[in-house]
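Structure first, commentary second.
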Amino acid sequence: MSTFETIPESTSQTSAEHLAERLSKSITAAAEADRREGWNRPPVFLPESENGVLEVAMGPHHPSTHGVFRMDVSVDGERVIRLKPVFGYLHRNHEKIAEGTAYLASMPYTDRLDYFCSLTNNWAYALAVEKLAGIQVPERAEYIRVILAELTRIQNHAAAVGFLLQDMGASGTPLMYAFREREKILDLFEQLTGSRMMCNYMRFGGCRVDVTDAWLDRARRLVAGMPQFVDEFEALLTTNEILMVRCQGIGALKPDLAVNAGVTGPMLRATGVNYDLRKVDHYGIYDRFKFRIPLGDHGDVYDRYMVRILEIREAVHILEQALKEIPAGPIMDPKTKLRGFRPKPGEAYGRIEAPKGELGFYLISDGGSNPYRYRVRPPSMINLTVLEDMCLGHNVADVVVILGSVDIVLGEVDR
Amino acid sequence: MSIPFYLISALTIAGAVAAMTLKNTLHCALALTIALAGIAFLFLGLDAQFVGFAQILVYIGAVAILVVFAVLLTRSGESLLPAKRARTWLAGLAIAAVTFLVLGWSVLASLYGLPNETAAPSVTMQQIGNALMGPYVFPLEVVAVLLTAATVGAVIVAMHEKARNK
Amino acid sequence: MLGEGILKGLAQTAKNFAGSYVSEERLTTVQYPEERLPVAEASRVFPFLVFDGSEWLGGMRCVACQICEKECPPKCIYIEKSKDKKPDYVGKQQFYPVRFDIDISVCMSCQICVEVCPFEAIKMDTAFELATDDRFGGLLLDRQQLAKSNEYYHSIHPTEASEVDARLDEEKVKAEAKAKAAAPAAAAKPPAPAGGKD
Amino acid sequence: MTPLGDYLLVAALLFAIGLGGALTRRSAILVLIGIELMLNAANLNLIAFWRYGPHPEALTGMMFAIFSIAVAAAEAAVGLGLIIAIYRHTQTTDLDRISRMKG
Amino acid sequence: MAATFDQIFILFRNWLVHFLPPAWQPAAGALLGVIGIVAVFPGLFALTTLLERKGLGRMQNRYGPNRVGPFGLLQPVADGLKALTKEDVVPFNANGLMHLLAPLVMVVTVFMSFAVLPMGRHMELVDMDAGLLFFFAMGAATELSVFMAGWSSRNKYSILGAMRAVAQMISYEVPMLLSSVAVVMIAGSLSLPKVVAAQNHYTGIFPHWYVFTPWGFGAALMFAIAAIAETNRSPFDLPEGESEIIAGYHTEYSGFKFALFFLAEYLGMFALSGLGVTLFMGGWSAPFSFLTWIPSWIWFFAKVMLAICVFIWMRGTLPRLRQDQLMNFAWKFVLPYSLLVLLVTAFWRFLPPGWERWVVCTVILAVAYVVMGRAAFKLKRVGPRSYRYAE
């Protein structure tokens, strides 16, 4: 695909002013027309510049943008020559609010960041605070955290692949299979944490509720049934000629561009870069489990799809091992106080391998009961910055598929 | 003097006149379609079933769509400028009127000599097939070559332009 | 050859089509209003106030200490303390909330109030059909609507309720033992010095 | 049975309309539509004479009409291809202005 | 008894018509036939919308509509009422006449193409000598109405959608014609009842349907692909694909006119699957010799519904092709292969009957299919991939 320097010069800076000036001209024209002909005059069509370039806003409520997210695409005939992602529609000022509330009180808000995987958000935040305050986590809690994180990864990847197929027009069948399995996992979460998607389960130093044996048996049965689901899913999709033709060679991302842009997660591993925090950071007790990291080599939409499917299989291996070896014991450090938690001044950056990439929490404490600075490193948003490079030269139908393969959740992008 | 004949021919002529006089080019293209459909029905009236359906398939199915595509690609559909007459439009009309008079006179003059009532020939597809493959097999091959050449020619003309101004 | 993957995909959907008539595993849809999925025991929707015995105000465990009001992340609890006191389950005189409102349109059912409450007074309910057409008043529940009996608490969260009751009974026994132990001392103390700190 | 004369008259009128249109209109596409009409008028004549001719089983008129339809379709295709090419080159389909043979 | 039951509709029509004075009888008979078609097929359309939603539902492990009426049977009625009562919004500067005319022309032409389909023994509305040609002539007219719809709603996106739809329909009409010409070469006549008669005999219990011959199978495959593309269904439903920005030619329609487009699409599906069944699967002939006592029209409608189920099945499984891939597929795979099928049919026709011609034709077709399939994929460097694992 084209790197930075080969972007055709017609889309350089001048065209931005040119576009802005024409937009303002059309807006004043619209106002004038309003005055002259009253409210029911014909609408002002989108400004179309002379050389046949069609500006299209794939608007905030477009059916396939996974939430409120706009892309200003300028299309020359069928090819995309410029794409400006516009997000911020779902900005809830999460970080400023967190500066005003106690450490524990912003834990339920982390559920709402990437609302598909609330447990990994909780874990990342808990990890950061534990690093900040130097709290130890008992063995059993570490095992529970790994189990829940891998279950979250399975249901997130299944949903992501389902949405990708939905964008390609598969009228919901793969999505329904993915959601059928996802519901089973969410039932497990509800039986443990009380809520399917907003778990608010992890606490600084462990977990809130202990895991019963009945729950562990149900989890083992679910994990035993998972490979059969993935085989069915792959049989339906992986060798499907239409899917191969629609996905291979589309939206390819070169490894150096991916690394420079800070892309992480399945998108980065699809380009062949071997970077998985579970192996790099050695956080939690991932070193005790044997699992492999799938890598693609073209970095296109098909590789991202396959990396996600293979990661589901790896997660199933981890879960089997973890569910076998989970020890008994306390799940919470008895000394930790719930209220009035005041870590000593300092800063900490806790990061984990969330299903979408490297999710990090950076906290600065000034000794008070609420953090001085609270920053979330959102993998979805950073993966989104390379969207234009992947879409240049493709046609509009592919832009939708490429966006689907990036797997973004607007809660995390806008925070 | 069957009524359907008058109805259909009136429709055809109206379609033809509209195709020639309307301002908006796209309306002309659609009026042309009506005229061609009328002519197809006239063929059916003359018991030439095969030609009638071929006319619908070829003209309405393809040529009319081609004309409409051409109108759109050359953006002449939207420009609602007044029906511009060629500079020499008056002479054109005169020539057309003269030709019609000459043809009309020749038809009326020889009216009595023309055979009017003959039995409807029952033409089956079998006969047409044999005729095409029998005495007319050479023209069939020539037309086949011509059609291929026309398709390739049209594509090259359009394609060539696209490649050059890129 | 071309079309092989498509045929395999078609076989999959056919299997699921047939499967949805046969296996419980595949057709997991439940006809909601008529059939209902059993609510998970640990599930939580909106908080409610627990009261012992039969009379909801007298038996209310809440002592209006306002810890949950301070700790609630979206600040959806509003408490007004009472002037006078009433005996709680151990017999000690405690305040009680004159007003205890929870705006369930603001509450995000994060259950932190249950964790921080020292008196086991507030627990999470599992009733989720709370739709009302009145946007403001309808979703602001006052203490009358929030108060639910301990038996109800046992019916929705049996294991958790029994643990809580065990803890409360043990505290009651400890409190009475202390009271019994303190009683003779109190009796002994008055005859000796007249004043004494009580 | 409508007499042959009526068909010939209709065909003549169609031919005249096509010719008039082709001569008076300035837009290239309309000229092409005019030519199309003239061709169809000729076809109508062919079929009319075949129908009322002495021995219709020889199918000559019909064969002529079939081949004429095929040729007309090819002509329309090439004609429109040319018009589109000229339009791309000179941005106009106005025949008066496309008079220079410049490349 | 079976014969009368087989011809029950014809007898019923004759019984009705004989009340009229003889002068009017042929016209009344034809009218009754038309009324029959105009009643039966929209009824089937209503049933199919329900079948589609329930089928798709079941394929996705969920119930289809089952709230409106027992098992959701009144759902089509509800949809119909909704479509009728919806406000008919016409765009501000749309061309009123053409806006109204487009759906009408489409529905009328598709209904006319039903006239030649033999729905049972002697049950075709009109036995035309050039029946197949008439069918395709009517098929060609629907493209024009698609264009009128797209253009008349004066919306830039619907024009683009219309141009895409028309380009797709035209480029898939050519292979459809060619694959049906293969059948005409063997059956020897363009008239559909003769084609069915040519297939309606049995060796042992197996019928002589063309789909069981090598060339017939190839032609049926290409016809199926072209038919799916012609009706803008499943893998080829790009023109109204919702995930595209260009939302298809009937965006600016609502209320009854949109329902007409919906009806026209389904009638197009019936017509094409009816034609496919007539050409390749023996029209109204029974699948086994011992089943011929069942009335013929039951077989025709059973096969058409089977074809509709395949349409729905494809829609439930396959993602959508992109516009340029769609067109390349048509001109670079389906058309050449149809020409090859014509060649093989010629061999089939002029080789002496016996096992040699079976072997020759099957080998040519199979080898060509595999080679062209692999070449098509090699060209675009597309194919199954293997993945490496780190550590």
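The values are calculated or read from the model by the stated rules, or taken from the named source; none is laboratory data. Here the structure is a predicted model, which is why all the values come from computation and not from measurement. Note that each Cβ is placed from the backbone with ideal geometry, even for glycine, and that neighbours are counted across all protein chains shown. Ligands, DNA and RNA are stripped out before the accessible areas are found, and what is left, the full protein with its side chains, is counted by its heavy atoms. Shrake-Rupley method; radii C 1.70, N 1.55, O 1.52, S 1.80 Å.
If you take the C-alpha gyration tensor of the protein assembly as shown, multiply each eigenvalue by 5 and take the square root, what semi-axes do you get, largest first, in whole Å?
Working: eigenvalues 1063, 241, 184 Å².
Working from the Cα gyration tensor, I get semi-axes of 73, 35, 30 Å.
Quick one: compute a quarter of the convex hull surface over the Cα atoms of region A:260-331 and quote it in nm².
Working: hull surface 22.9 nm².
The Cα convex hull of region A:260-331, projected and averaged over all directions, gives 5.7 nm².
Treating region D:4-90 as a set of equal point scatterers at the Cα positions, no solvent, please give the Debye-formula log₁₀ I(q)/I(0) at q = 0.21, 0.22, 0.23 Å⁻¹.
Here log10 of I(q) over I(0) equals -0.97, -1.02, -1.07.
Compute the Rg/Rh shape ratio of chain E: radius of gyration over Kirkwood radius, all on alpha-carbon atoms.
Looking at chain E, the ratio lands at 0.99.
Let me have the relative contact order for region E:1-110, percent, based on Cα pairs under 8 Å that are six or more residues apart.
Working: 39 pairs, mean separation 12.8, N = 110.
Relative CO of region E:1-110 lands at 12 percent.
Per 10 Å bin from zero, what fraction in whole % of the C-alpha pairs of region A:143-277 is there, up to the bin with the longest pair?
10, 32, 32, 21, 5
Using the Kirkwood radius over Cα pairs, work out the Stokes-Einstein diffusion coefficient for region B:1-80 at 25 °C and 0.890 mPa s, in µm²/s as a whole number.
Details: Rh = 13.1 Å.
Taking Rh from Cα pairs, D becomes 187 µm²/s.
Could you give me D for region E:145-232, from Stokes-Einstein at 20 °C and 1.002 mPa s, where the hydrodynamic radius is the Kirkwood radius over C-alpha pairs? Units µm² s⁻¹, please. Intermediate results must be reported in sequence, preceding the final value.
Working: Rh = 15.1 Å.
Here the translational diffusion coefficient equals 142 µm²/s.
Leaving out ligands, DNA and RNA, what percent of the accessible area of the protein assembly as shown is carbon and sulfur, probe 1.4 Å?
Whole-percent figure for carbon plus sulfur exposure: 68.
Over all distinct alpha-carbon pairs, what is the Kirkwood Rh of region C:23-110 in angstrom?
Values: mean 1/r = 0.0623 Å⁻¹.
About 16.1 Å for region C:23-110.
So what's chain A giving for Rg/Rh, alpha carbon basis, Kirkwood Rh from the mean inverse pair distance?
Numbers: Rg = 23.4 Å, Rh = 23.0 Å.
Answer for chain A: 1.02.
Along the positive direction of the dipole of the protein assembly as shown (beta-carbon charges: Lys, Arg +1; Asp, Glu -1; about the Cα centre), which of E:LEU221, C:ALA64, A:THR193 reaches farthest?
C:ALA64
Please report the orientation-averaged projected area of region E:299-391, defined via the convex hull of its C-alpha atoms, in nm². Present the calculation step by step, with values, prior to reporting the outcome.
Values: hull surface 43.7 nm².
Spelled out: convex hull of the Cα atoms, projected over all directions, averaged, 10.9 nm².
Can you tell which of D:LEU14, D:PRO56, D:ILE66 lies farthest toward the positive end of the dipole of region D:4-90, using +1 and -1 charges on the Cβ of basic and acidic side chains (Lys, Arg; Asp, Glu)?
Farthest towards the positive end: D:LEU14.
Of E:ALA259, E:TYR249, E:THR278, which is farthest on the positive side of the dipole of region E:86-377, counting Cα position, with +1 on Lys and Arg Cβ, -1 on Asp and Glu Cβ, and the Cα centre as origin?
E:THR278
A:LYS254: which aspartates and glutamates have alpha carbons under 16 Å from its alpha carbon, excluding same-chain residues fewer than 8 sequence positions away?
Excluding near neighbours in sequence, the set is A:GLU5, A:ASP297, A:ASP300, A:ASP303, A:GLU388, A:ASP389.
If you place +1 on the Cβ of every Lys and Arg, -1 on the Cβ of every Asp and Glu, and leave all else neutral, what size is the dipole of chain E about its Cα centre, to the nearest 20 Debye? All intermediate terms of the calculation are to be shown ahead of the outcome.
Working: 28 positive and 20 negative charges, 215 e Å.
Roughly 1040 debye, rounded to the nearest 20.
As a test question: what accessible area, to the nearest 10 Å², does C:MET108 have when a 1.4 Å probe is rolled over all protein chains in place?
Only protein atoms counted, so the area is about 30 Å².
Using the basic label-point model (7 angstrom from Cα toward the beta carbon), what is the E:ASP88 to A:ASP210 distance in nanometres?
Distance between label points: 7.2 nm.
State the Cα centre-to-centre distance between region D:1-51 and region A:66-145 in whole Å.
Each part reduced to its Cα centre gives a spacing of 73 Å.
Going 7 Å from the Cα of B:ALA97 toward and past its Cβ, which residues in region D:25-57 have a backbone nitrogen under 17 Å from where you end up?
D:25
Run the numbers on region B:1-80 and let me know its relative contact order in percent, using alpha-carbon pairs under 8 Å that are six or more apart. Before the final figure, lay out each step's value.
On the way: 77 pairs, mean separation 24.4, N = 80.
That works out to 30 percent.
Using the 2.2 N^0.38 Å rule of thumb for compact globular proteins, work out how region C:114-154 stacks up: its C-alpha Rg over that value, please. Don't skip to the end; give the middle numbers.
Working: Rg = 12.3 Å, N = 41, 2.2 N^0.38 = 9.0 Å.
Region C:114-154 yields a ratio of 1.37.
Stretch E:ALA23-E:TYR387 to full length: gain in nm at 0.36 nm per residue minus the Cα-Cα span? Present the calculation step by step, with values, prior to reporting the outcome.
On the way: separation 364, 0.36 × 364 = 131.04 nm, distance 7.84 nm.
Full extension of this stretch gives 123.2 nm more.
So who's got an amide H within less than 5 Å of the one on E:GLU124, skipping anything under 5 residues away but keeping other chains? H placed 1.01 Å off N, in plane.
Excluding prolines and chain starts, which carry no amide H, the hits are E:MET119.
Please find the FRET efficiency linking E:LEU97 to E:ASN14, where r is the Cβ-Cβ separation and R0 is fixed at 60 Å, and quote it to the nearest 0.05. If you can, show how the numbers build up before the last one.
On the way: r = 42 Å, r/R0 = 0.70.
Once the sixth-power term is evaluated, E becomes 0.90.
Using θ = phi - 60° and the Karplus curve 6.51 cos²θ - 1.76 cosθ + 1.60, what whole-Hz ³J(HN,Hα) does each residue of region C:165-178 get, with Gly and Pro shown as x?
4, 4, 4, 5, 4, 4, 5, 4, 4, 4, 4, 5, 4, 4
Would you mind working out the accessible area per residue for the protein assembly as shown, using a 1.4 Å probe, and quoting it in Å²? Don't skip to the end; give the middle numbers.
On the way: 55160 Å² over 1273 residues.
Result: 43 Å² per residue.
Which ³J(HN,Hα) values in Hz, rounded to whole numbers, follow from the phi angles of region E:215-227 under the Karplus curve 6.51 cos²θ - 1.76 cosθ + 1.60, where θ = phi - 60° and Gly and Pro get x?
So the J values, rounded to whole Hz, are 5, x, 5, x, 5, 5, 4, 5, 5, 5, 4, 5, 5.
Can you pull out the buried accessible area for chains B and E, both sides counted, probe 1.4 Å, rounded to the nearest 100 Å²?
Numbers: alone 13260 and 20410 Å², together 31680 Å².
Summing both chains' loss of accessible area gives about 2000 Å².
Rounded to the nearest Å, what's the spacing between the alpha carbon centres of region E:308-376 and region C:60-85? Just the number, please.
76
Cα to Cα, under 30 Å, and not fewer than 8 places away if on the same chain: which lysines meet these conditions relative to C:LYS178?
The qualifying lysines are A:LYS335, A:LYS337, C:LYS81, C:LYS83, C:LYS85, C:LYS86, C:LYS92, C:LYS123, C:LYS189, C:LYS197.
Applying 1/(1 + (r/R0)^6) with R0 = 41 Å to the Cβ-Cβ distance of C:ALA18 and C:LEU130, what FRET efficiency is obtained, to the nearest 0.05?
Numbers: r = 40 Å, r/R0 = 0.98.
For R0 = 41 Å, the calculated efficiency reads 0.55.
For chain C, compute Rg over Rh where Rg is the Cα radius of gyration and Rh is the Kirkwood radius from the inverse mean 1/r over Cα pairs.
On the way: Rg = 26.0 Å, Rh = 21.0 Å.
Answer for chain C: 1.24.
Along region A:221-237, what does the Karplus equation 6.51 cos²θ - 1.76 cosθ + 1.60 (θ = phi - 60°) give for ³J(HN,Hα), rounded to whole Hz, x for Gly and Pro?
Couplings: 4, 4, 5, 5, x, 5, x, 5, 5, 5, 4, 4, 4, 5, 4, 6, 10 Hz.
B:SER106 to E:LEU342: FRET efficiency via 1/(1 + (r/R0)^6), r the Cβ-Cβ distance, R0 41 Å, to the nearest 0.05? Could the numbers behind the result be given before it?
Numbers: r = 46 Å, r/R0 = 1.12.
For R0 = 41 Å, the calculated efficiency reads 0.35.
What distance in nm separates the simple spin-label points at E:TRP331 and A:ASP281, each placed 7 Å from Cα in the Cβ direction?
The answer from the label model is 5.3 nm.
Between E:VAL108 and A:GLU78, what is the label-to-label distance in nm when each label sits 7 Å out along the Cα-to-Cβ direction?
3.5
So how strong a dipole does region D:4-90 carry about its Cα centre when Lys and Arg Cβ are +1 and Asp and Glu Cβ are -1, to the nearest 20 debye?
Numbers: 4 positive and 4 negative charges, 70 e Å.
Dipole size: approximately 340 debye.
Residue separation times 0.36 nm, minus the C-alpha to C-alpha distance between E:VAL359 and E:SER289: what's the value? Walk me through the numbers before you get to the answer.
Working: separation 70, 0.36 × 70 = 25.20 nm, distance 2.60 nm.
Full extension of this stretch gives 22.6 nm more.
Find, among the chymotrypsin sites (Phe, Trp or Tyr not before Pro) in region C:120-167, those assigned to loop by DSSP (not H, G, I, E, B) with at most 13 other beta-carbon atoms within 10 angstrom.
Details: sites: C:PHE128, C:PHE136, C:TYR152, C:TYR153; in loops: C:PHE128, C:PHE136.
Answer in residue order: C:PHE128, C:PHE136.
Only four residue types carry charge here, +1 at the Cβ of Lys and Arg and -1 at the Cβ of Asp and Glu. Report the dipole size of the protein assembly as shown about the Cα centre in Debye, rounded to the nearest 20.
Numbers: 116 positive and 117 negative charges, 258 e Å.
Charge dipole, the protein assembly as shown, about its Cα centre: 1240 debye, nearest 20.
Who wins for biggest fluctuation among E:GLY188, E:GLY268, E:GLY33 in a Gaussian network model of chain E, springs between alpha carbons below 10 Å?
Most flexible of the set in this elastic network: E:GLY188.
Could you work out, residue by residue across A:246-259, how many beta carbons of other chains sit within 10 Å of that residue's beta carbon, and then give the average as an integer? Present the calculation step by step, with values, prior to reporting the outcome.
On the way: counts 6, 2, 7, 3, 1, 0, 0, 0, 0, 0, 0, 0, 0, 0.
Mean number of neighbouring Cβ atoms from other chains: 1.
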